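Written below as structure tokens is the structure these notes are about.
The values are calculated or read from the model by the stated rules, or taken from the named source; none is laboratory data. If you're wondering where the values come from, they're calculated on a predicted model, not measured in any experiment. Here the Cβ is made from the backbone with ideal geometry for all residues, glycine too, and neighbour counts use every protein chain on show. Surface accessibility is based on the protein's heavy atoms, side chains included, excluding ligands, DNA and RNA. Shrake-Rupley method; radii C 1.70, N 1.55, O 1.52, S 1.80 Å.
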Amino acid sequence: MRRIERLAGFTATPGKGSTRTTYTPEFRQALDFLSRECRALGLDPVVDGIGNLRCRLPGRDNAAPGVMTGSHIDTVIHGGDYDGVVGSVAALEVLAVLQENRFVPAVPVEIVIFAEEEGVTFDLSLAGSKALVGRMTLADMKVRTSNTDGRSLYQTARDFGLDPDGLPQSVLRPAEVSAMIELHIEQSIALEHDLLQIGVIEKIAGSFNYVVEVFGTANHAGATPMRLRRDALVGAALMIQEIEALARAEGRDEAVATVGRLAVAPNAANVIPNHVSFTFDLRDTDPDRMAERLAETLAALDRIAQVRRLDVTARRTGTNAPIALSGILADLVEDCAKARGYSYKRMHSGALHDTAVLAELAPSCMIFVPSRDGRSHAPEEFTDPEEIRRGVQLVVDTIVKLTG
Ligand code: GLV
Ligand code: MN
Ligand code: MN
């Protein structure tokens, strides 16, 4: 809890939630704090070329593939104090508990704390984990630009003091990792609603992320008759409604869509807008329906643009396939939960997680603890310390079973 409180203090919006986007001074404070915490355990943290922090507790056989655990420390704008943070400090706590108990694992146990999970600045979720496994290359980092100042991810990382050119040397190979375990807050209401303490995750929903641009004609708000207008904002509003309607029409909780960012130009009260850009984020656990709904969505954008005599472009900024996690590890977590007398259920994750990327390399699992009122990505995010303790205990138990 001390570490969670310290991290919550590293925010660009004190009193208005945690805002700690990658490569900001707050992100630097968090990274330095966690590095000091690792050193206080007598361990040797390393920050890679994109800003992931890694730190190994040696085992009996250090050439054997290790077990990894961790989460992320970047946040959304005005986010909560727990998303990513819980799993990150849990990783430190797990290593501390293993050391206190003089437990020497059969294989190394490694903390991994990811950068740029949220994709706030570079419109790419899970960038840190993708770089860790080599799915985000140096070339990708050079072309991926910041949506705030236009600098490349590569340059921004360098300016932050990292060595992205060294990234290829630290890419994680499948032979180096035998399991990944991430503890996370649920970010929804299922556990609280069912009065359950633990979620054992079977699947992580996939996502498509797009930036849409709508082009019309700027003109005088008073002098232009309605029949002569090409209003980009009205077109965008119709598109946004349709994106929502298509997701609702699926009639399944796993099928969702969100327009979360909108920019209007010239953004003046008495000028007809000539340019709107907005993001959409479409998610599902069913890969076929996800692809079909994307096609329906893009067709709807074209149709609305045509009817409204507007131009529209849609650029994909990210794709994450729905991922099934390891059933064997989920069984193991479930056994540990039973042994502790914790109530639990199997469930899917609607939110993305770095573990979805790691799951392509090694058996991976996630453990959820309840979120009060299901609130997340908001300052109201809260998980009771006792709930967090149970989650950390399960990470310890699972790692002991895997490495004992
Ligand atoms: C990250 O939290 C995401 O699911 O977008
Ligand atoms: Mn998040
Ligand atoms: Mn998260």
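What to note about this one:
- Net charge, residue 27 excluded, C-beta distance under 12 Å - Lys, Arg +1, Asp, Glu -1: -4
- Inter-label distance for residue 309 and residue 224, nm, one decimal - labels placed 7 Å from Cα along Cα-to-Cβ: 1.1 nm
- For residue 217, neighbours were defined as the other residues whose beta-carbon sits under 15 Å from its Cβ, and their charges (Lys and Arg +1, Asp and Glu -1) total +2.
- Folded to 0 to 90 degrees: helix 232-250 orientation relative to the chain principal axis, Cα: 50 degrees
- Between helix 385-403 and the chain: long-axis angle, C-alpha atoms, 0 to 90°, nearest 10: 60 degrees
- Nearest-0.05 FRET efficiency for residue 44 and residue 139, computed from C-beta distance (R0 35 Å): 0.70
- Between the amide H of residue 349 and those of 202, 203, 204, 205, distances stay under 5 Å, these residues lying 5 or more places away or on another chain, with hydrogens modeled in the peptide plane.
- Principal semi-axes in Å for the chain [√(5λ), Cα gyration tensor, largest first]: 40, 23, 19
- Protein accessible area in region 207-320, 1.4 Å probe - carbon and sulfur %: 52 percent
- Of the solvent-accessible surface of region 46-192, computed with a 1.4 Å probe over protein heavy atoms with every protein chain present, carbon and sulfur atoms account for 51 percent.
- Cross-link pairs beyond the 31 Å C-alpha cut-off, checked among 16/142; 16/345; 130/338; 130/401; 130/345: 16/142; 16/345; 130/338
- As computed over region 207-320, the Cα convex hull volume per residue (Å³): 91 Å³
- Percentage of interatomic Cα-Cα distances in region 34-113 larger than 17 Å: 46 percent
- Distances between placed amide hydrogens fall under 5 Å for residue 179 paired with 68, all partners being 5 or more residues away or on another chain.
- With Cα atoms, 0 to 90° folded angle of helix 287-307 axis to the chain main axis: 20 degrees
- Once the 1.4 Å probe is applied to the protein heavy atoms, the chain comes out at 42 Å² accessible per residue.
- Taking the average, over residues, of other Cβ atoms within 10 Å as the packing measure, peptides 30-42, 334-346 rank 30-42, 334-346 from highest down.
- Heavy-atom SASA rank of 184, 78, 193 (probe 1.4 Å, accessible area, largest first): 193, 78, 184
- Interatomic Cα distance distribution for region 280-377, bins of 5 angstrom, percent: 2, 9, 15, 16, 15, 14, 9, 7, 5, 3, 2, 1, 0
- Inter-label distance, nm, simple model (7 Å from Cα along the C-beta direction), residue 169/residue 29: 3.2 nm
- A protection proxy built from the mean count of other Cβ atoms within 10 Å ranks the segments 210-217, 322-329, most packed first, as 210-217, 322-329.
- DSSP finds beta bridges in the chain, and of those with both partners inside it, around 65 percent are antiparallel.
- Of the residues 268, 175, 223, the one that moves most in a GNM of the chain with alpha-carbon contacts below 10 Å is 223.
- Net charge, residue 192 excluded, C-beta distance under 9 Å - Lys, Arg +1, Asp, Glu -1: -2
- Ranked from largest to smallest solvent-accessible area, with a 1.4 Å probe on the protein heavy atoms, 352, 262, 298 come out as 262, 298, 352.
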